[in-house]
Amino acid sequence: MSRNESPIKKLRSTAALRDLMADYYHELDEAAGSGPAKVAWCNSVGPAELLRALGFKVYFPENHGAMLGATRMATDLIPAANALGYSPEICSYLTSDIGSYVSRTTPLTRAYGLASVPTPDVLVYNTNQCRDVQDWFAFYKRELGIPMIGIETPRSLSRITPDIVEDLAAQHRALVPELERIAGASLDPDRLRAVTASSFRCTELWREVLRTACCRPAPLTYFDATIQMGPAVVLRGDERAERYYEALLEELRERMQEGVGAVDDERHRFYWEGMPVWGKLREHAEQFASLNACVVASTYCNSWIFEALADYDPFTGMARAYSELFIVRSEAYKQHYLETMARDYAIDGFIFHNAKTCPNNSNCNYGMHVRLSKKLDIPHIVIDGDLNDLRLYSEEQTRTQIEALVEQLEGIM
Ligand code: SF4
């Protein structure tokens, strides 16, 4: 490999992914203009199936947040939201997105030719992941004078009891009359069942994609997966997402059959716990690959697997699917989940990302990283950083920590 050559191996499916995401955004743009469909904004683990079944085009501000991070526009835009009173310590998706709105700039222009994000007809949230999404949407409710409705989910759950499921299913059902009014259409139960079934199949395919990395060498890295997860987030319930993952799976299986790893000469396997540092994905992917280390699994990418959507009753399915998530669960549940993942993927060490503006996705503040290392007898590092605000991230310190982790493992081998 020459000095300037990247060690990242591109997946050929990524060309089709680009086209699919472009179609998704162009359809949203059309709907927000003069198109017949209405636009609903939804949080990433909100009731997308219900919205899609009612004919809404569904837009996810968190996907926009990730684009603001990946393009490194976020760090410059966050102060505009801070000037409106939004603290630099709260979700930097929220602050960069609001900063982007008030600064009238979006990465969607460069990526897909959109003049602005698609204007919503309704804002729909679920507080399962955090309270920030509700406050985020409340900004747009005030700003644009549009309705905001949502679901309040209890958090830190050890067990998902029948009472919780019943309550959440009822909350999902209660959204229907207002959504029907805005959509100008009645909910067709068969359509809802079909969309939910498609969402479930998408989820299963996405799980299979991620599980290919159990193989040694892994045909896919966590960094690939953060890009490949786009359709599972924004197009679940749309059959195009299923077709995409079928093709991707075929490509990954080819790699497996031929013994081709995503990282050349894979020597070490890591688990990434926490959010990506979106503005440093490439640097991280290159550093791990150049150290013959593969980040094979993550909590983040596995968060769009919704087994419960197989339930015959879509409302019960959504209630369970969106409360069984890792982020909604208790510390003990999370630790058990990470132990299982570490064994399934045969990992040699953990990377915990302590994202300063998202405590909801940072699981190294109450000793779990130390307990896991001890129990599994594998090392870990904690990277201090952030999903979008690069002022909270130290490149040099992180590089050194990753090198030291790999050196430690080399010493053990
Ligand atoms: S979970 Fe974290 S990153 Fe996601 S919206 Fe909430 S605070 Fe922001």
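The values are calculated or read from the model by the stated rules, or taken from the named source; none is laboratory data. On a predicted model such as this, the values are computed, not experimentally measured, just so you know. Methodologically, a virtual Cβ is constructed for each residue, glycine included, from the backbone with ideal geometry; neighbour enumeration extends over all protein chains shown.
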Task: Test: Ala355 is buried (at least 21 other Cβ atoms within 10 Å of the Cβ) and at pLDDT 95 or above - done: yes
TODO: State all residues of region 40-91 that are over 29 Å from Glu307 (Cβ atoms), away from the ligand (no atom under 14 Å from the Cβ) and of a type in the set (Val, Ile, Thr); if no residue qualifies, say none.
DONE: Thr71, Thr75
- [ ] Just give me the residues in region 21-47 being modelled with pLDDT of 95 or more and assigned to a loop (DSSP other than H, G, I, E, B), in sequence order.
- [x] Lys38, Asn43, Ser44, Val45, Gly46, Pro47
TODO: Among the candidates Asn354, Asn365, single out the residue that is under 23 Å from the mean Cα position of the chain (by Cα) and without any contact (Cβ under 8 Å) to a residue 12 or more places away in the chain.
DONE: Asn365
TODO: Please determine, by comparing only the residues of region 92-112 that are closer than 22 Å to Leu17 by Cβ and in contact (Cβ under 8 Å) with a residue 12 or more places away in the chain, which one is nearest to the ligand (Cβ to nearest atom).
DONE: Tyr93
- [ ] With the condition kept exactly as written, say whether any residue in region 23-34 is of a type in the set (A, V, I, L, M) and in contact with a helix residue (DSSP H, G or I) (Cβ under 8 Å, 6 or more places away or on another chain).
- [x] no
Open item on the list: Can you say whether Leu50 is in a helix (DSSP H, G or I) and among the aliphatic types (A, V, I, L, M), as far as the supplied structure shows?
Closed with: yes
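Yes/no matrix, rows are residues, columns are (1) surrounded by fewer than 17 Cβ atoms within 10 Å (Cβ to Cβ); (2) assigned to a loop (DSSP other than H, G, I, E, B):
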| position | (1), (2) |
| --- | --- |
| Thr119 | yes, yes |
| Asn128 | no, yes |
| Asp135 | yes, no |
| Glu143 | yes, no |
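Every residue, every condition in (1) without any contact (Cβ under 8 Å) to a residue 40 or more places away in the chain; (2) surrounded by 19 or more Cβ atoms within 10 Å (Cβ to Cβ); (3) in contact with a His (Cβ under 6 Å, 6 or more places away or on another chain), yes or no:
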position: Arg243; (1), (2), (3): yes, no, no
position: Leu252; (1), (2), (3): no, yes, no
position: Glu273; (1), (2), (3): no, yes, no
position: Trp278; (1), (2), (3): no, yes, no
position: Arg282; (1), (2), (3): no, no, no
position: Glu286; (1), (2), (3): no, no, no
position: Phe306; (1), (2), (3): no, yes, no
position: Met318; (1), (2), (3): no, yes, yes
position: Tyr333; (1), (2), (3): no, no, no
- [ ] Confirm whether Asn354 is within 16 Å of the ligand (Cβ to nearest atom), under 30 Å from Tyr86 (Cα atoms) and in contact with a Phe, Trp or Tyr (Cβ under 8 Å, 6 or more places away or on another chain).
- [x] no
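Every residue, every condition in (1) outside any helix (DSSP H, G or I); (2) more than 23 Å from Thr153 (Cα to Cα); (3) of a type in the set (S, T, N, Q), yes or no:
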position: Glu283; (1), (2), (3): no, yes, no
position: Gln287; (1), (2), (3): no, yes, yes
position: Gly317; (1), (2), (3): no, no, no
position: Ile347; (1), (2), (3): yes, yes, no
position: Thr357; (1), (2), (3): yes, no, yes
Open item on the list: Can you find, within region 361-370, the residue that is nearest to the ligand (Cβ to nearest atom) among those that are surrounded by fewer than 18 Cβ atoms within 10 Å (Cβ to Cβ) and more than 26 Å from Arg267 (Cβ to Cβ)?
Closed with: Asn365
- [ ] For Ala170, state whether it is closer than 23 Å to Phe315 by Cα and either within 16 Å of the ligand (Cβ to nearest atom) or surrounded by fewer than 17 Cβ atoms within 10 Å (Cβ to Cβ) (or both).
- [x] yes
Task: Residue that is within 16 Å of Tyr300 (Cα to Cα) and more than 15 Å from the ligand (Cβ to nearest atom), where the choices are Ala346, Ala332, Ala319, Ala342 - done: Ala342
Task: Members of region 115-169 that are among the hydrophobic types (A, V, I, L, M, F, W, C) and under 20 Å from Glu307 (Cβ atoms) - done: Ile151, Leu157, Ile160, Ile164, Val165, Leu168, Ala169
